[in-house]
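Comments concern the structure below.
The values are calculated or read from the model by the stated rules, or taken from the named source; none is laboratory data. All values reported here derive from a predicted model rather than from experimental measurement. Cβ placement follows ideal geometry from the backbone for every residue including glycine, while neighbour counts extend to all protein chains displayed. For accessibility, only protein heavy atoms count, side chains too; no ligands or nucleic acids. Shrake-Rupley method; radii C 1.70, N 1.55, O 1.52, S 1.80 Å.
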Amino acid sequence: MPTASENTLFGMGNPLLDISAVVDKDFLDKFGLKPNDQILAEDKHKALFEEIVKRSKVEYHAGGSTQNSVKIAQWMIQEPHKVATFFGCIGTDNFGEILKKKAEEAHVDAHYYEQNEEPTGTCAACITGDNRSLVANLAAANCYKKEKHLDLDSNWELVKKAKVYYIAGFFLTVSPESILKVAKHASENNKIFCMNLSAPFISQFFKEPLMQVMPYVDILFGNETTEDIAEIAKRTQNLPKENTKRQRMVVFTQGAEDTVATVGEKATMFPVLDIDQNDIVDTNGAGDAFVGGFLSALVLEHPLEECIRAGHYAANVIIRRVGCTFPEKPNFN
């Protein structure tokens, strides 16, 4: 079997410091939040970040969708360290330092673009029961500059070293030109480019950049917040594709329901692992964990069934814990 080597997996996205806390319905109502949602912070949410830190026991974790996934892929693979590379923008501040430390602890080879105009991005995870409402304040994450980071020779060399690329749809709001540069490189060199539809607002409001990248996407991930999964899977399948050597694959997770994967005309259902409802602590990060597990097997060139099995295992571990955290070693074989 192939083994992973340093920088085989490349991720680029919005690095955020996750601030998670258990809140009540009044807190959600006060800031106009739905119990289960992912939104970008608006002016009316500014006070939320101060209030959540004050009100309850708060946990900090290195977060952001793509960074979570590559962190989990690295955890699943274990050795060597630095199989995963990560690019994104942070601020030159205390939260930025915490993020660097957290990435290092996770053995991810993070190369952040650091600037001092905006503070490091944060994401408040407001947890009520099994639900989580995520409010992201991108701040520095929004400031990623292709010409100041991705285009630098030393950084582009790291991109070229990779064989599998993963970028969550959230980054379309920040630097579609960076995504396109990476996606074209993957396509031209017959490497695997993966993307995630991430959240409903991406396909609603960022449809144009999404459609520009789509011809380069080999594996598209989505989740149950996407309407009419089977229909979308089929339509996505039929969109034009640059690298015809690889058939596009669409993989949708549906929480506790079966995961759906389509290759060509054929859709296959994969049941998720059983879990007692009482063992579910926090579904925050389950989708990112699934992708991370999937990528860990993909990097090792395992077949689709194995990639999905690894994804289900990782998600099953994550939902038993608070935030996107994991034990020291996976128990997966």
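Worth pointing out:
- With respect to (1) buried (at least 17 other Cβ atoms within 10 Å of the Cβ); (2) at positive phi, the lone exception for E301 is condition (1).
- Selected residue (criterion: surrounded by the most Cβ atoms within 10 Å (Cβ to Cβ)) from residues of the stretch 265-298 that are assigned to a loop (DSSP other than H, G, I, E, B) and among the hydrophobic types (A, V, I, L, M, F, W, C): V272
- N7 being outside any strand (DSSP E or B), open to solvent by less than 10 Å² (accessible area, probe 1.4 Å) and not hydrophobic (A, V, I, L, M, F, W, C): yes
- In this structure, A314 does not qualify as more than 26 Å from V22 (Cβ to Cβ) and either modelled with pLDDT under 90 or buried (at least 17 other Cβ atoms within 10 Å of the Cβ) (or both).
- Tally, over the stretch 154-191, of residues that are in contact (Cβ under 8 Å) with a residue 60 or more places away in the chain, among the basic types (K, R) and not in a helix (DSSP H, G or I): 1
- Test: residue in the stretch 16-24 that is open to solvent by 60 Å² or more (accessible area, probe 1.4 Å), among the aliphatic types (A, V, I, L, M), touching a residue at least 24 places away in the same chain (Cβ under 8 Å) and not in a loop (DSSP other than H, G, I, E, B): yes
- The criterion of being of a type in the set (A, V, I, L, M, F, W, C), at pLDDT 80 or above and in contact with a Gly (Cβ under 7 Å, 6 or more places away or on another chain) holds for F252.
Residues checked against (1) in contact with a Pro (Cβ under 7 Å, 6 or more places away or on another chain); (2) among the polar types (S, T, N, Q); (3) within 30 Å of Q277 (Cα to Cα); (4) open to solvent by less than 50 Å² (accessible area, probe 1.4 Å):
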position	(1), (2), (3), (4)
K181	no, no, no, no
N190	no, yes, no, no
R235	no, no, no, no
N243	no, yes, no, yes
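- Number of the exception - V135 against (1) surrounded by fewer than 20 Cβ atoms within 10 Å (Cβ to Cβ); (2) touching a residue at least 40 places away in the same chain (Cβ under 8 Å); (3) within 14 Å of L16 (Cβ to Cβ): (1)
- Here T262 meets each of (1) open to solvent by 20 Å² or more (accessible area, probe 1.4 Å); (2) part of a strand (DSSP E or B); (3) hydroxyl-bearing (S, T, Y) with one exception, condition (1).
- Any chance T128 is within 23 Å of G287 (Cβ to Cβ), of a type in the set (S, T, Y) and either open to solvent by 10 Å² or more (accessible area, probe 1.4 Å) or without any contact (Cβ under 8 Å) to a residue 24 or more places away in the chain (or both): yes
- Note on the stretch 72-113: residues that are of a type outside the set (A, V, I, L, M), open to solvent by less than 30 Å² (accessible area, probe 1.4 Å) and in a helix (DSSP H, G or I) total 3.
- Residues being open to solvent by 20 Å² or more (accessible area, probe 1.4 Å) and either touching a helix residue (DSSP H, G or I) at 6+ places or on another chain (Cβ under 6 Å) or without any contact (Cβ under 8 Å) to a residue 24 or more places away in the chain (or both) - total across the stretch 248-259: 3
- Among the residues examined, V251 qualifies as part of a strand (DSSP E or B) and within 18 Å of the chain's Cα centre (by Cα).
- When V53 is tested against (1) within 20 Å of the chain's Cα centre (by Cα); (2) at pLDDT below 95, just one condition goes unmet, and that condition is (1).
- Of all residues in the stretch 121-149, those satisfying the criterion of being under 19 Å from the mean Cα position of the chain (by Cα) and within 30 Å of S5 (Cβ to Cβ) are A141, Y144.
- Meets criteria (touching a residue at least 40 places away in the same chain (Cβ under 8 Å), open to solvent by 50 Å² or more (accessible area, probe 1.4 Å) and in contact with a strand residue (DSSP E or B) (Cβ under 8 Å, 6 or more places away or on another chain)) for K148: no
- Of residues in the stretch 196-213 being part of a helix (DSSP H, G or I) and in contact with a strand residue (DSSP E or B) (Cβ under 8 Å, 6 or more places away or on another chain), the one surrounded by the fewest Cβ atoms within 10 Å (Cβ to Cβ): F201
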